[in-house]
1. Go through Ile71, Ile91 for me and flag whichever is at pLDDT below 80, surrounded by 17 or more Cβ atoms within 10 Å (Cβ to Cβ) and out of contact with any strand residue (DSSP E or B) (no Cβ under 7 Å at 6 or more places or on another chain).
2. Test Ala20 against the criterion of being of a type outside the set (Asp, Glu), surrounded by fewer than 17 Cβ atoms within 10 Å (Cβ to Cβ) and either in a helix (DSSP H, G or I) or touching a strand residue (DSSP E or B) at 6+ places or on another chain (Cβ under 6 Å) (or both), and give yes or no.
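The values are calculated or read from the model by the stated rules, or taken from the named source; none is laboratory data. Note that the coordinates shown come from a computational prediction; the quantities given were computed from them, not determined experimentally. In this analysis, Cβ positions are derived from the backbone assuming ideal geometry, glycine residues included, and neighbour counts consider all displayed protein chains.
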Amino acid sequence: MTDDELIDKCLQGDPRAQKALFEKFSGKMMSVCMRYAPDREQAEDVLQDAFVKVFSHLDSFKREGSFEGWIRRTMVNTSLDQLRKKRGLTIDADISEAEYLAGSDEKSIGKLRVDELMQLIQEMPTGYRTVFNMYAIEGFSHREIADELGVTESTSKTQFRKARTYLMNIIGERENI
């Protein structure tokens, strides 16, 4: 069944289509939620909340872009909402520290497996992890991140730089062990 057929049947209230839509996208979307949530249990909560939003706002999907992209955006926004609710999203903007740390060696990152890198990202402080995910993985611009998180564009850039430096330092420490 195509995405358009799934959408049409879901809009008609067909529970089999709803189940099929969930099964088609839940695996990929769980990985999105895992990048923002501190643990699997909270990621599952976000996934469930986000799919409720997907189904309740399905009529607002204009079918002009990627349906998967629309669902992904819902997952990211729901993840950010959860972080805000739990007050786990703290963004600090100490640019001097970011500039000081920026000299890390980036060559080491290529030696990591994807699952190892994702684990390191998961262990990052919430503010770093959030901006890093939004910019490096989801493709948001710093302007979009700033608007979404209620911070300045320079704060978004600083957080990204600090997140990247944090990763480089952790990778460097692991190589020296």
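1. Ile91
2. Here the answer is yes, as Ala20 does meet what is asked.
Results for (1) more than 30 Å from Val114 (Cα to Cα); (2) assigned to a helix (DSSP H, G or I); (3) of a type in the set (Gly, Ala, Ser); (4) under 12 Å from the mean Cα position of the chain (by Cα), shown as yes or no for each residue.
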position: Asp4; (1), (2), (3), (4): yes, yes, no, no
position: Ser26; (1), (2), (3), (4): no, yes, yes, no
position: Pro38; (1), (2), (3), (4): no, no, no, yes
position: Asp45; (1), (2), (3), (4): no, yes, no, no
position: Val54; (1), (2), (3), (4): no, yes, no, no
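One line per residue, one yes/no per condition, for (1) surrounded by fewer than 20 Cβ atoms within 10 Å (Cβ to Cβ); (2) modelled with pLDDT under 90; (3) among the polar types (S, T, N, Q); (4) under 25 Å from Arg40 (Cα atoms):
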| residue | (1), (2), (3), (4) |
| --- | --- |
| Lys62 | yes, no, no, no |
| Lys85 | yes, yes, no, yes |
| Gly103 | yes, yes, no, no |
| Lys107 | yes, yes, no, no |
| Gly110 | yes, yes, no, no |
| Gln119 | yes, yes, yes, yes |
| Gly150 | yes, yes, no, no |
| Ser154 | yes, no, yes, no |
| Thr158 | no, no, yes, no |
